[in-house]
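The values are calculated or read from the model by the stated rules, or taken from the named source; none is laboratory data. Remember, it's a predicted structure, so these values are computed and weren't measured experimentally. FYI the Cβ positions are ideal-geometry reconstructions off the backbone, even for glycines, and counts take in every protein chain you see. Ligands, DNA and RNA are stripped out before the accessible areas are found, and what is left, the full protein with its side chains, is counted by its heavy atoms. Shrake-Rupley method; radii C 1.70, N 1.55, O 1.52, S 1.80 Å.
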Number of protein chains: 2
Amino acid sequence: MRVPKKERQRLLGELLEQNPFLTDEELAEHFSVSVQTIRLDRLECGIPELRERLKTVATRTMYEEVKSLQSDEVIGDIIDIELDQRAISLLDVTEDHVFQRNGIARGHHLFAQANSLAVAVMNDDLALTVKSNIHFVKPVKAGSRVIARAEVKEEQSTGKRTIVEVVSTVNDETVFTGEFTMYRMTERKQEDSK
Amino acid sequence: MRVPKKERQRLLGELLEQNPFLTDEELAEHFSVSVQTIRLDRLECGIPELRERLKTVATRTMYEEVKSLQSDEVIGDIIDIELDQRAISLLDVTEDHVFQRNGIARGHHLFAQANSLAVAVMNDDLALTVKSNIHFVKPVKAGSRVIARAEVKEEQSTGKRTIVEVVSTVNDETVFTGEFTMYRMTERKQEDSK
DNA sequence: CTGTTACTAGTACCAAGTGCTAATCCGGAA
DNA sequence: TTCCGGATTAGCACTTGGTACTAGTAACAG
């Protein structure tokens, strides 16, 4: 016996996890067993065939693409918005957002949430950030739910420049504040209520 | 003739673009033609069969997973670095980084490049951004290569606070500037050469 | 009436399997 | 030693979703 059956099946699982493209024949060669043995192993472990594996991987891709397309527009989920006035978005910080070493969210994710919210709240197709002044008040850990509140400062806004203030909190504690100076491409309308 | 051939082939392409999972049989039904006609259409248009389509989609996934993992650590490629002094990184702006409507790079990508470079240049395992003051000087279009230069401002740094200035350019033209106040978790060492 | 184009139909074949039956091998217990 | 059982291997029929190729039909154009 080259490798005990149980061990082989464990390895088989791992192998396919990180490379789902292997055929039974290739696997058989890799473990120096017959193709039939590999089939039995897959059967016992409930591992689907190559074509099914590719299908699920491909499905995941399509899903992620949709997700990333959406998130390309706004980082976080907008849960409330009044154009030209205020908006709120929500971002769940996952392991993907943090430094591995200390579990603290990387600054640019908080910035991205705030900045894209500032863009979204502007009632303009072509709003751009000109400058911004930001403060990372308190580190944010993985697992936190960050709520960003954006408010348009009408009084400080002039012509094509608009000031948006964003405050992000976790459990009502401020973790981030930012003042964004936005540039709107189309001239300010007096009142845009249709 | 249900739908003129050319039109059908165009639709076929679009359809498969956004749903590569359709079999010839399903497509034949959808267009009310025979399976053979679909095959001919695919042949003429150079559209591969279902299994090949899934394979490429799945491959893309695997690739993107690697990419997004890498980009978690540093946004852009660091091409030069002297710890505690200066660093340079390079970011190629693709369609993924820009607003669809005007092709201008979203601010948070430039910020992310600059911020992660500021973190990287700090000779500290646990550096965090405390605040920053940034300026988007000039819009960046897709296809641009952004070079970010970070410089540690020794003279303005005190204790655990360090100032890092980042200037990003495209073709020697400044597009972004930022001043990052960083917090280092371990106390400043006098000289760390070695 | 003859082409040409578009479409349809049918066959042989392939890859990568499933499902099933039937050997064969090998180690340990009676 | 012999027999049993789990592990392994082999072989065959069948399935999907195709390719490659041949052949036939329908419609319309010149």
Checklist entry - Does the range B:87-109 hold any residues that are more than 9 Å from chain A (Cβ to nearest Cβ) and either modelled with pLDDT under 85 or part of a helix (DSSP H, G or I) (or both), and which are they? => result B:E95
Next on the checklist: What's the total number of residues in the range B:123-141 that are away from every other protein chain (no Cβ under 12 Å) and either crowded, with 23+ Cβ neighbours inside 10 Å or at pLDDT 95 or above (or both)?
Outcome noted: 1
Checklist outcome for this item: Within the range B:160-192, residues being open to solvent by less than 80 Å² (accessible area, probe 1.4 Å) and either modelled with pLDDT of 95 or more or not in a loop (DSSP other than H, G, I, E, B) (or both) number 19
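Just one of A:S157, A:S116 is of a type in the set (S, T, Y), modelled with pLDDT under 95 and in a strand (DSSP E or B); which is it?
Details: A:S116 fails: in a strand (DSSP E or B).
Sole residue among the options that is of a type in the set (S, T, Y), modelled with pLDDT under 95 and in a strand (DSSP E or B): A:S157.
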Checklist entry - Looking at (1) more than 10 Å from DNA strand D (Cβ to nearest atom); (2) open to solvent by 30 Å² or more (accessible area, probe 1.4 Å), can you tell me which one B:F31 breaks? => result (2)
Checklist entry - Which number in (1) within 12 Å of DNA strand D (Cβ to nearest atom); (2) under 21 Å from A:K55 (Cα atoms) marks the one condition that B:G46 misses? => result (2)
Checklist outcome for this item: Checked A:L91, A:L54 against criteria (touching a helix residue (DSSP H, G or I) at 6+ places or on another chain (Cβ under 8 Å) and either among the basic types (K, R) or closer than 22 Å to B:G107 by Cβ (or both)); the one match is A:L91
Next on the checklist: Residue under question is B:F21, and the condition is that it be within 29 Å of A:E64 (Cβ to Cβ), away from DNA strand C (no atom under 16 Å from the Cβ) and outside the structural domain of B:I147 (by TED's automatic domain parsing); does it hold?
Outcome noted: yes
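Here's the yes/no breakdown for (1) within 16 Å of DNA strand D (Cβ to nearest atom); (2) open to solvent by 70 Å² or more (accessible area, probe 1.4 Å); (3) more than 30 Å from B:L16 (Cβ to Cβ):
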| site | (1), (2), (3) |
| --- | --- |
| A:T37 | yes, no, yes |
| A:A58 | yes, no, no |
| A:E82 | no, yes, yes |
| A:Q85 | no, yes, yes |
| A:G103 | no, no, yes |
Item to check | Criterion: under 25 Å from A:V140 (Cα atoms), free of Cβ contacts under 8 Å to residues at least 40 places away in the same chain, surrounded by 18 or more Cβ atoms within 10 Å (Cβ to Cβ) and at the interface with chain A (Cβ under 10 Å from one of its Cβ atoms) - qualifying residue of B:A112, B:A118 | outcome: B:A112
